[in-house]
1. So, in segment 139-155, how many residues would count as being without any contact (Cβ under 8 Å) to a residue 24 or more places away in the chain and either touching a strand residue (DSSP E or B) at 6+ places or on another chain (Cβ under 9 Å) or under 13 Å from residue 189 (Cα atoms) (or both)?
2. Restricting to segment 8-20, give me the number of residues that are exposed (fewer than 15 other Cβ atoms within 10 Å of the Cβ) and more than 16 Å from residue 51 (Cβ to Cβ).
3. For segment 33-41, state whether one or more residues are more than 18 Å from residue 100 (Cα to Cα), outside any helix (DSSP H, G or I) and in contact with a helix residue (DSSP H, G or I) (Cβ under 6 Å, 6 or more places away or on another chain).
4. I'd like the residue in segment 194-242 that is assigned to a strand (DSSP E or B) and more than 14 Å from the chain's Cα centre (by Cα) and, out of all such residues, is surrounded by the most Cβ atoms within 10 Å (Cβ to Cβ).
5. Restricting the search to segment 135-148, which residues are surrounded by 14 or more Cβ atoms within 10 Å (Cβ to Cβ) and modelled with pLDDT of 95 or more?
6. Name the single residue, out of those in segment 112-132 being surrounded by 14 or more Cβ atoms within 10 Å (Cβ to Cβ) and not in a strand (DSSP E or B), that is nearest to the chain's Cα centre (by Cα).
7. Mind telling me which of the residues 77, 69 ends up being part of a strand (DSSP E or B) and closer than 17 Å to residue 106 by Cα?
8. For segment 112-138, what are the residues that are free of Cβ contacts under 8 Å to residues at least 40 places away in the same chain and closer than 30 Å to residue 85 by Cβ?
């Protein structure tokens, strides 16, 4: 039995990656790493037969390739996952592993091959349909003539909340994730926070996301308690956590 991990062009793993996406039917945070050229692809072979792939990215420097962030083995060959992952580590010389806790295969391998495992990000998926109402606030598309407030953390979104003729919040959704998922974002003007505007904006943006043919998802920092509460109030629920570890 000969297991190999060979660096290949992205096109060589796309059919296998389609299986990965179908099996893991949730938003993949690092989906765009592939198409943006920020990752290396490795084809996993058993006696010359394709059985899976691995992907390696740079954690802090996009020009480096030091972290395995995607790993897939066809179900019938998963008894070879441990050995294939070891060969991928050897050939890629990766020093770190990063994964989503809702991606079970790589999470298991992280705990077997990694140390100093930690998390800094919470992942959210659609949960329930909230029925929030905020009086005197108008939710609408942003106009070219609008003059949004200065944003500190997020981009100016395609949707706004208007209160007494002033924009008090903006939000939207990003589309560079695996279909049908999209990533929600929003920012509320500093002097208008703690009034329920954020959750109401996320609720309404979720509907627009569905109308665009996408399923809403979101993420926030583990320590960002205000953002977590906003997303939960708007009907999202925790789907998992981003995990990072150093290779033993």
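The values are calculated or read from the model by the stated rules, or taken from the named source; none is laboratory data. None of the values given here were measured: they were computed from a predicted structure. Glycine gets a Cβ as well: all are built from the backbone with ideal geometry, and neighbour counts include every protein chain shown.
1. 7
2. 2
3. Yes: one or more hits.
4. So in segment 194-242, the residues assigned to a strand (DSSP E or B) come out as 215-221, 236-242.
Narrowing the set further to residues that are more than 14 Å from the chain's Cα centre (by Cα) leaves 236-237.
Details: 236: 26, 237: 11.
The residue in question is 236.
5. Step one: of segment 135-148, the residues surrounded by 14 or more Cβ atoms within 10 Å (Cβ to Cβ) are 137, 139, 142, 148.
Within segment 135-148, 137, 139, 142 meet the criteria.
6. 127
7. Details: 77 fails: part of a strand (DSSP E or B).
Just a single option satisfies the conditions, and that option is 69.
8. 112
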